[in-house]
Amino acid sequence: MEQVILAVLNAALMVTILCVAAAPVCGSVALAVRSAPSSRHARVSRPHLAWGAVLSTVGIVVLVVTRPTRHYTPYDDGGLALTVLAALAGAALLLLGIGPFVSWLLVLLGRPAVRLTPPIRLAAHGAAGRRAAAAAATTASATALALTFMIVGTAQVEQDRAAYRPQARSGALVVTWPSPEQAAAVGRVVQQELPEVPIAQSYRLPNSGFLSLDIVDVDAPDLESGTSAVVIGDEALLRYLTAAPSTPYDEDTAVVITADDTDVDKVTIDYGDCGASSTSKILPAIAARSADPQEEKIFIPVRAVRDLGCRPEPEELVIDPSVHRTTAEEQERLDRRLGESGTTYIERGFQAPGGWKVFAGAALALALGAALTATRRTPADSRSRRVLLRVGGASTASLRWFVACRAGLVAVCGTVVGAAAGCVMGLRLVWPLTESSEWDAPPRVPFETPWPAIAVLVAGLPVLTAAIAAVLGVTWRESREAAAHHVELDRSSAAD
């Protein structure tokens with residue numbers, strides 16, 4: 001259940017970031033259009049380019065400042081929230097400021113194209129307009145968001161992995177219920193669905209009861225410090241905790257379950273209830289190895305606790321995975337029969353949340369779609385295509401090469417600028433977006449930045465865009481026009 005809640009919270013955070021990013025994306029596209037040259041011989045608007053530089057610089061400065069070198073004190077929710085908002089504001093400013101640089105890069109790459117082949121030269125000249133600038137700016141913003149999701153998502157997965165604490169042994173089925181009165185009915189359902197399978201039963205103290213332990217002649221403050229280390233149950237529960245069927249069990253003997261060979265002889269138990277005097281009892285004790293080296297427990301048989309005057313309440317049922325490994329189908333049947341009266345959980349280890357992959361994929365799809373819009377035909381394109389038909393031999397291949405070059409150039413400019421901005425945003429947003437203000441938060445863990453995936457994205461997106469444009473960018477009508485023009489050229493050559 002905690003994993004589901006964590007996944008929902010991560011998805012909600014990603015949606016919030018996506019909504020916040022919508023405004024700077026639109027602003028970046030608007031600045032790119034305003035800064036793009038209005039005609040073939042015009043230049044990039046320097047005032048808009050200066051505004052882009054100022055916005056980007058301020059955004060980078062804010063991102064750098066909002067990554068301190070210390071952790072927040074526990075429960076400093078207000079300070080962490082302000083840091084996150086400031087970091088998101090810096091990322092928004094950086095995203096807003098990259099628009100004019102996309103237009104400038106399109107014009108810059110078009111200058112050396114005069115010495116290249118006609119398809120590339122005409123494609124570069126056509127990509128220097130405002131429509132291509134809007135497409136490239138959208139591609140840049142979407143690429144930046146995709147890389148941010150990739151970097152932050154990867155870091156969040158590693159942080160969640162470090163914070164994960166299993167609720168049971170791997171493969172164990174745990175069944176709980178809302179109130180102790182439902183325990184008997186839930187137990188009957190589990191026994192009916194899993195006949196001949198041993199069911200371990202654990203108990204907890206009543207709300208008004210408290211328990212203190214003292215392991216005689218053994219210094220074990222972690223085990224004696226509180227009731228969290230105490231496990232009350234039956235013989236099947238002891239077998240589950242030790243994963244050893246040969247572990248001795250006696251209803252009047254405590255078992256100290258640790259990862260090392262602890263020599264114990266006796267355990268003193270003090271039980272008290274609010275408004276009543278406490279009761280003390282000394283139990284013989286033995287030591288056993290824990291199935292999980294991370295877990296150290298003191299097992300108390302339920303009858304020994306009842307002898308102290310305590311009436312423990314049923315807490316949960318456990319199916320030992322070494323005896324029976326519950327399948328997903330069996331869990332579904334149990335869920336259907338239990339309904340609201342019980343909850344089942346199978347420990348499967350850490351499950352990496354994949355919500356960020358959905359948003360990164362959506363951003364990449366937007367980047368690809370925006371770059372492909374540069375292949376839409378306009379009157380200016382018609383003139384370029386007529387020139388291409390005249391000097392390129394009137395072939396469909398020339399048209400496809402022209403369309404592919406134009407879409408690829410737009411994708412290259414958008415991807416390069418977006419990748420640079422996305423890496424800065426992602427690496428600087430990692431700390432505030434993965435920080436925790438909880439008291440028992442785990443320490444920060446290192447993570448691997450997905451540089452190979454980023455490199456594949458930067459190199460592959462323009463190639464994929466050009467390939468799709470070459471296939472889909474030339475319509476059947478344009479192919480017929482190219483063929484007809486080719487026939488006219490053949491007739492003119494024959495007449496001459």
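Since every read-out is calculated from the coordinates, none of them should be taken as a lab result. From a predicted model like this one, the values you see are computed outputs, not experimental measurements. Reconstructed Cβ throughout: ideal geometry from the backbone, glycine too, with neighbour counts over all protein chains shown.
Tabulated data
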{"quantity": "Potential lengthening between R130 and E329 on full extension [0.36 nm per residue; Cα-Cα distance subtracted]", "calculated": "65.9 nm"}
{"quantity": "Added length on full extension, which subtracts the Cα-Cα distance from 0.36 nm per residue, V463 to V58", "calculated": "142.5 nm"}
{"quantity": "Residues Y240, Y271, Y203, sorted so that the one with the fewest Cβ neighbours within 10 Å comes first", "calculated": "Y271, Y203, Y240"}
{"quantity": "Projected area averaged over orientations for segment 248-335, convex hull of C-alpha atoms, nm²", "calculated": "8.1 nm²"}
{"quantity": "Among G233, G272, A184 the positive-end extreme of the charge dipole of segment 173-346 (Cβ point charges)", "calculated": "A184"}
{"quantity": "Distance in nm between pseudo-label sites at V65 and R43 (7 Å out along the Cβ direction from Cα)", "calculated": "3.3 nm"}
{"quantity": "Burial ranking of peptide ranges 327-335, 55-63 (average Cβ count within 10 Å, highest at the top)", "calculated": "55-63, 327-335"}
{"quantity": "Ranking of I215, I319 by count of other Cβ atoms within 10 Å, fewest first", "calculated": "I215, I319"}
{"quantity": "Sites E196 and A365 - FRET efficiency at Förster radius 56 Å, r taken between beta-carbons, to 0.05", "calculated": "0.60"}
{"quantity": "Computed over segment 173-346, the ratio Rg/Rh where both radii use C-alpha atoms and Rh is Kirkwood", "calculated": "0.99"}
{"quantity": "Proxy reagent accessibility, fewest Cβ within 10 Å first, across V64, V230, V197", "calculated": "V64, V197, V230"}
{"quantity": "Pairwise label distance in nanometres, A352 with R336, each label 7 Å out on the Cα-Cβ vector", "calculated": "3.4 nm"}
